[in-house]
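To start, the structure itself, in structure tokens.
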Amino acid sequence: MKKKLITASVVLSLSASMLSIPVFSAPSSNPAHIMPVASIEPAPIPLVNPFNEVKQNLPKSISSSDLSKMEALFNQARKLQDELDSVDRQYNDLLGKYEEIPSFQEVKKDFPSSLSKDELKKLEELYNQISKLRKEGKSSLTDPLWEQYYKILDPYASTEPGPILDYGSKEPVHIIPVNSFDEERQNLPKSISSPDLSKMEALFKKARKLQDEIDSLDIQYNDLLGKYEEIPSFQEEKKGFPSSLSKDELKKLEELYNQISKLRREGKTSQTDPLWEQYNKILYKDEIIYKG
């Protein structure tokens, strides 16, 4: 398994914030992010400054001035993420009105046969409530119902091998503004009304703008952090390399690694991706890369 370089990462889940700051272990062409991930529910308002918790896991060598800058970037990212969460909910509320979902009679065909009549009755009630809310443009209010729904089904998952139809999972569909909305529209239900489609397009574009702003803060944060993170020497790193590497390959890897280390110390971690790509291309040359 390829080792990866992961810097400070703060992820806001559906109901809580979680800090993940693994130590440096080796290369990755994918930078870590300080941005919280979009959620269908807003993160709870913390009673204390959340950066205080983050700070406990940061290198102690970070200067006061850089720490202040990182805190400001962190708080800006959280504020933008709250706004992105709101856009996400509005988008999915509109989308849920038009997405076709199977009837409960169709869904229950894949249920475990050992479910009791009372359990089936409760599942049907919950499913119908969820369906109604979705049609009303209130998909963002369905999570508590899905939780009750799966609380009934989950105990059977480990006892019966038969499939349980995982329709309408409580995991939300997020706006991931990678493509243009024109491309995205090709995958949306054709029944969406013109007014709602216009609203979705505006929300989609707003989400993209917010995400770009968060990514920019993310880059600045990790550039500052990279200056202080300790990384192993190349001599230490190469102990885990395959023995099949040639002297020329080892020399090139060392050059690249030293360039990367230098850029990180200079606060330019965001410029290391092309170097990591070259590094991994040499180190993992024998691995087959499947492209989906």
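Read-outs throughout are calculated quantities, based only on the coordinates presented, and are distinct from any laboratory measurement. Computed from a predicted model, the values in this text were never measured in an experiment. Every residue, glycine as well, gets a Cβ built from its backbone with ideal geometry; the counts of neighbours run over all protein chains shown.
So the values come out like this:
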quantity: Selection from 245, 270, 280, by position along the positive dipole direction of the range 233-287 (Cβ); calculated: 270
quantity: Difference of contour (0.36 nm per residue) and Cα-Cα distance, residue 241 to residue 215; calculated: 6.1 nm
quantity: Cross-link pairs 239/268; 79/205; 79/209; 79/268 - those with Cα-Cα distance over 20 Å; calculated: 239/268; 79/268
quantity: Under 15 Å from residue 151, Cα to Cα: aspartates and glutamates that are on another chain or at least 8 residues apart; calculated: 118, 119, 124, 125, 143, 166, 171
quantity: Relative packing of 214-225, 181-192, 116-127, which averages over residues the other C-beta atoms within 10 Å, highest first; calculated: 214-225, 116-127, 181-192
quantity: Of the GluC sites (Glu not before Pro) in the range 221-292, those whose Cβ has at most 13 other Cβ within 10 Å and which sit in DSSP loop; calculated: 230, 266, 287
quantity: Length gained when the stretch residue 69-residue 136 is fully extended (0.36 nm per residue, less Cα-Cα span); calculated: 19.7 nm
quantity: Dipole axis of the range 57-125 (+1 Lys, Arg; -1 Asp, Glu on Cβ), positive-most option in 70, 96, 111; calculated: 70
